[in-house]
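K.L.:
Just passing along the structure, written as structure tokens.
What follows is calculated from the coordinates using simple rules that are stated; it is not laboratory data. Note that this is a predicted model, so its numbers are computed, not measured. Neighbour counts are summed over all protein chains in view; Cβ atoms, including those assigned to glycine, are modelled from backbone coordinates with ideal geometry.
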């Protein structure tokens, strides 16, 4: 059984089945691997072996990105997935922090590097003549090394929802480890086509999509995610499998429904962070199976749904996954719910999601020992995610550790409030967060994006909230922003810290509603002075 990405690729070196389909062009596995060997040889011909052998890829979801990933594995060096949504000094800082010595880019992304201080980094535009010349004269590949199972295949940056992104070491063995369970569960084979529209510089696409193709021999259809072109892409490529992370299902479901939506080849959508409503509606509308799980970029916590998972829960954790009180480092007691399903012991039950058995498959952050130590203090892995667990072991997310709110002397978590607001049919996406109360503590704020061709009035929101028996009166949002969109990371996660910085405002092009602290009536309001 293969233990590295290198071994998976070499096993397909003589495979003439379809490997990549993209914009009318196709590559067999034999052609793909031969092209990757040539790229690795070209890179190694100009690399400095005395420096960390880190090659950055500032690319989109294209065949060039797939070839760059394969080249790193075959050439025995580390590929750094560079987030192509980063800009300016933040982008330069990512490249420097990962010790990139060679950076691959293309015509689409080359302009992002203009004016950046990248001293010591050699940049190649894969669409430029000088790269073609280097490639033509590179000769046969002599790998820099032969990777072992625990050697890094990639450096992958965290999504950055709660701070600056940090580069995580992704071991080679993670791809052959993650692929087989998905291949077996969904019956994926060489005749399938994996639609890869999530960013290939991030672990969700590597361990939810790329791994499936490498292990099964299925073809890959790389693409830039677009809700409006999603269904056309699925049909054009004949895609049978897709992965997602964050809110893509909500974006797609917000588009106009058509009678023939289910007339498509898609069999399976696998990913994480979709709501219960979006999972059910996507499966119905597009005639496929949707399987939603949870996994951290650091690969220390894995949670999967199973039949019978209660509404709102993300499933049960792998061995060691628990919810801990970070102050006394003990496991939190199980959640207690009232007859309406409301959590009644949030102060005790909500804690931080951890791996109590150790650090799992987390190999640490590259070049950041302090951040690694903080994540692994006391021999546990601390995720930064708030959660609670019921008596049957089912886990419910409650937000990030920064999502605690202190309202009228009571601790509230954002996650349960968001799940309740998602019950409102008009809501497509929602983020709940704290803004300063004018007197003391926090006030609850909700930023809402409505589905296309829907509307919501203050009175309708009041009526809806009043019908939710499991919603504490203190959890009613004091402020509601209706927005056309919300700020997100490259992996489609809502960037709450940007919303928090804006405070109780309507934002650009939005509308702000507010209610008085003892009232249930929302009115169009002015921003709160900060």
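K.L.:
How much FRET efficiency would the formula 1/(1 + (r/R0)^6) give for residue 328 and residue 410, where r is the Cβ-Cβ distance and R0 is 22 Å, rounded to 0.05?
P.N.:
Here the calculated transfer efficiency is 0.60.
K.L.:
In cubic angstrom, how much convex hull volume per residue do the alpha carbon atoms of segment 73-232 span? List each step's numbers first, then the result.
P.N.:
Numbers: hull volume 26.4 nm³, N = 160.
Dividing the Cα hull volume of segment 73-232 by its residues yields 165 Å³.
K.L.:
If you don't mind, another one. Return the equivalent ellipsoid semi-axes of segment 42-159 as a descending list in whole Å, where each equals the square root of 5 times an eigenvalue of the C-alpha gyration tensor.
P.N.:
21, 17, 13
K.L.:
Calculate the spin-label point distance for residue 280 paired with residue 185, positioning each point 7 Å from the Cα along the beta-carbon direction, and give it in nanometres.
P.N.:
With each label point 7 Å from Cα toward Cβ, the separation is 2.1 nm.
K.L.:
Another one. Rounding to the nearest 10 and keeping the result within 0 to 90°, find how far the Cα-based axis of helix 88-97 lies from the longest principal axis of the chain.
P.N.:
Helix 88-97 sits roughly 60 degrees off the main axis of the chain.
K.L.:
Let me ask something else. Once you sort the root eigenvalues of the Cα gyration tensor of segment 1-71 as a ≥ b ≥ c, which label holds: rounded (a/c under 1.5), prolate (a/b larger than b/c) or oblate (the other case)?
P.N.:
oblate
K.L.:
Determine the calculated [θ] at 222 nm for the chain from helices alone, applying -39500 (n - 2.57) to every DSSP H run no shorter than 4 residues and normalising by the residue count; nearest 500 deg cm²/dmol.
P.N.:
The helix contribution divided over the chain gives -7000 deg cm²/dmol.
K.L.:
Pop out the Kirkwood hydrodynamic radius of segment 304-403 from its pairwise C-alpha distances, inverse of mean 1/r, in Å to one decimal.
P.N.:
On the way: mean 1/r = 0.0705 Å⁻¹.
14.2 Å is the Kirkwood radius here.
K.L.:
Could you rank the peptides 57-68, 333-344 by their average count of other C-beta atoms within 10 Å per residue, with the highest value first?
P.N.:
Packing order, densest peptide first, comes out as 57-68, 333-344.
K.L.:
While we're looking at this one, here's another question. Subtract the Cα-Cα distance of residue 30 and residue 463 from 0.36 nm times their separation in residues, and report this length gain in nm to one decimal.
P.N.:
Details: separation 433, 0.36 × 433 = 155.88 nm, distance 6.12 nm.
Full-extension gain reported as 149.8 nm.
K.L.:
Return one number: the angle in degrees, 0 to 90 and rounded to the nearest 10, between the long axis of the Cα atoms of helix 29-46 and the longest principal axis of the Cα atoms of the chain.
P.N.:
In the chain, helix 29-46 runs at an angle near 80 degrees to the longest axis.
K.L.:
With r defined as the distance between the Cβ atoms of residue 370 and residue 90 and R0 fixed at 25 Å, what FRET efficiency is calculated, to the nearest 0.05?
P.N.:
Efficiency, rounded to the nearest 0.05: 0.80.
K.L.:
In addition: Return a whole-number percent for the relative contact order of the chain, with Cα pairs under 8 Å and 6 or more residues apart as the contact set.
P.N.:
Dividing the mean separation by the residue count of the chain yields 10 percent.
K.L.:
Indicate the gyration tensor shape class of segment 5-293 (rounded, prolate or oblate), computed on the Cα atoms with a ≥ b ≥ c the square roots of the eigenvalues: a/c under 1.5 is rounded; otherwise a/b larger than b/c is prolate and the rest oblate.
P.N.:
Since a/c reaches 1.5 and a/b is larger than b/c, the shape of segment 5-293 is classed as prolate.
K.L.:
May I have the convex hull volume per residue, in Å³, for the Cα set of segment 430-471?
P.N.:
110 Å³
K.L.:
Starting from a Cα-only point model with no solvent, please compute log10 I(q)/I(0) by Debye for segment 407-524 at q = 0.10, 0.22 1/Å.
P.N.:
The Debye formula, applied to the Cα set alone, gives -0.26, -1.47.
K.L.:
Also, I was wondering about something else. Suppose R0 equals 35 Å. What FRET efficiency, 1/(1 + (r/R0)^6) with r the Cβ-Cβ distance, do residue 455 and residue 518 give to the nearest 0.05?
P.N.:
0.80
K.L.:
Multiplying the sequence separation of residue 127 and residue 107 by 0.36 nm and subtracting their Cα-Cα distance, what value in nm do you get?
P.N.:
Extra length available between residue 127 and residue 107 comes to 6.6 nm.
K.L.:
Show me the ranking of peptides 164-170, 447-453, 484-490 by mean Cβ neighbours inside 10 Å, starting with the highest.
P.N.:
Working: 164-170: 21.9, 447-453: 18.7, 484-490: 17.1.
Answer by packing, highest mean first, reads 164-170, 447-453, 484-490.
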